[in-house]
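Asks: My questions will all concern the structure given below.
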Amino acid sequence: MKTKKTAYPYLLWMLLFTIVPIGMVIYYAFTDEQGNFTFEMFVNASDYSQVFLYSLWIALISTFICLVLAYPLSFMISRCEEHKQSMIIMFIMVPMWMNFLLRIYAWVLILQNYGPLDTMLNFLGIDITLIGNSGATILGMVYEFLPFMILPIHTVMSKIDNSLIEAAQDLGANKFYVFKNVIFPLSVPGIISGITMVFVPTASTFLVAQYLGGTQFMIGDVIERVFQSDHHTGSAIALVLMVVILGFLVFMNRFGDEEAVGV
């Protein structure tokens, strides 16, 4: 099958901004300063295995919290009238119009010692550290990426045919069984898309932990810092992360296909 000429700009874009950068990362990961082939960079990358596991753990927790919050919210939005749905989705997306860094820094001001939230908790007799820990990092992740969980789930739920729900109710199914046997199975593709769209960026993002997590950096922060002084080790860490994320995407796609067959 011949490639259409209209696809050439897209192919050029993919070549320049996807294939070439990935090729450079692979080259640096398997070579030393003299350009000799070596696996030494992956040995160096193993020094950051704890940070890597910590990042995956934070990503999983953040994704789970986003799913727990987004699913009922998406369901409620999908039951609203069409013009109200558009309005609610717009309000959810409004914070995304601001710069990523500004949104994180806003949370720094809210959570910092003697900040508004800390002052209110101290007034109530509650003395806890709100910033510089994993909890603050997870909060920042959930805040940043929750819309990416809401949108795909809401899109799928809004397309569910109400006649299927009415048919289940006519056959005697109560609300629980309607949800279990009709709504949830049909919303699985949106859940899988949402999990993918949240887990991938949370596992690889940086700056959030730098501002909210104190000394507990994530693998994205490590790659940024290491790459500035050692392109080869930084590339090796990035390549390992890419392989893990690729494996996650393959698993989610296969899981999604199985669910689709089951439905």
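The values are calculated or read from the model by the stated rules, or taken from the named source; none is laboratory data. Computed from a prediction, not measured in an experiment: that's the story for all the values here. As a convention, Cβ positions derive from the backbone with ideal geometry for all residues, glycine included, and neighbour counts pool all protein chains shown.
Asks: If you take the residues of segment 81-116 that are part of a helix (DSSP H, G or I) and in contact with an Asp or Glu (Cβ under 8 Å, 6 or more places away or on another chain), which of them is surrounded by the fewest Cβ atoms within 10 Å (Cβ to Cβ)? Please lay out each step first, then the result.
Replies: Within segment 81-116, the first condition is being part of a helix (DSSP H, G or I), and the residues that meet it are 82-97, 100-111, 116.
Filter once more, keeping what is in contact with an Asp or Glu (Cβ under 8 Å, 6 or more places away or on another chain): 100, 103-104, 111.
Values: Phe100: 12, Arg103: 16, Ile104: 18, Leu111: 22.
So, considering only residues that are part of a helix (DSSP H, G or I) and in contact with an Asp or Glu (Cβ under 8 Å, 6 or more places away or on another chain), the one surrounded by the fewest Cβ atoms within 10 Å (Cβ to Cβ) is Phe100.
Asks: Further, regarding this structure: So Gly172 fits all but one of (1) modelled with pLDDT of 90 or more; (2) out of contact with any Cys (no Cβ under 7 Å at 6 or more places or on another chain); what number is the exception?
Replies: (1)
Asks: If Gly125 satisfies all but one of (1) part of a loop (DSSP other than H, G, I, E, B); (2) over 25 Å from Ile58 (Cα atoms); (3) within 29 Å of the chain's Cα centre (by Cα), what's the number of the condition it fails?
Replies: (3)
Asks: Okay, next question. Kindly establish whether Phe176 is without any contact (Cβ under 8 Å) to a residue 40 or more places away in the chain, within 29 Å of Gly247 (Cβ to Cβ) and surrounded by fewer than 16 Cβ atoms within 10 Å (Cβ to Cβ).
Replies: Working: without any contact (Cβ under 8 Å) to a residue 40 or more places away in the chain: yes; within 29 Å of Gly247 (Cβ to Cβ): no; surrounded by fewer than 16 Cβ atoms within 10 Å (Cβ to Cβ): yes.
So Phe176 does not fit the description; no.
Asks: Next question. Out of all the residues in segment 179-200, which are of a type outside the set (Ser, Thr, Tyr) and free of Cβ contacts under 8 Å to residues at least 60 places away in the same chain? Break it down into steps so the answer makes sense when it comes.
Replies: Here is the first cut: in segment 179-200, the residues of a type outside the set (Ser, Thr, Tyr) are 179-186, 188-192, 194-195, 197-200.
Residues satisfying the conditions are Phe179, Lys180, Asn181, Val182, Phe184, Met197, Val200.
Asks: Do you know which residues across segment 203-236 are of a type in the set (S, T, N, Q), within 23 Å of Phe42 (Cβ to Cβ) and assigned to a helix (DSSP H, G or I)? I'd like the intermediate steps shown before the answer.
Replies: Taking segment 203-236 and keeping what is of a type in the set (S, T, N, Q), we get 204-205, 210, 215-216, 228-229, 233, 235.
After this cut, where a residue has to be within 23 Å of Phe42 (Cβ to Cβ) as well, the list is 204-205, 228-229, 233, 235.
Within segment 203-236, Ser204, Gln228, Ser229, Thr233, Ser235 qualify.
Asks: Thr6 is checked against (1) surrounded by 10 or more Cβ atoms within 10 Å (Cβ to Cβ); (2) more than 18 Å from Gly234 (Cβ to Cβ); (3) not aromatic (Phe, Trp, Tyr) and fails just one. What number does that condition carry?
Replies: Exception for Thr6: condition (1).
Asks: Also, I was wondering about something else. Considering every residue within segment 49-58, establish whether at least one is in contact with a Phe, Trp or Tyr (Cβ under 6 Å, 6 or more places away or on another chain) and surrounded by 13 or more Cβ atoms within 10 Å (Cβ to Cβ).
Replies: If we filter segment 49-58 for residues that are in contact with a Phe, Trp or Tyr (Cβ under 6 Å, 6 or more places away or on another chain), which is where we start, we get none.
Among the residues of segment 49-58, not one is in contact with a Phe, Trp or Tyr (Cβ under 6 Å, 6 or more places away or on another chain) and surrounded by 13 or more Cβ atoms within 10 Å (Cβ to Cβ), which makes the answer no.
Asks: For residues that are under 12 Å from Val240 (Cα atoms) and outside any helix (DSSP H, G or I), tally how many sit in segment 31-67.
Replies: 0
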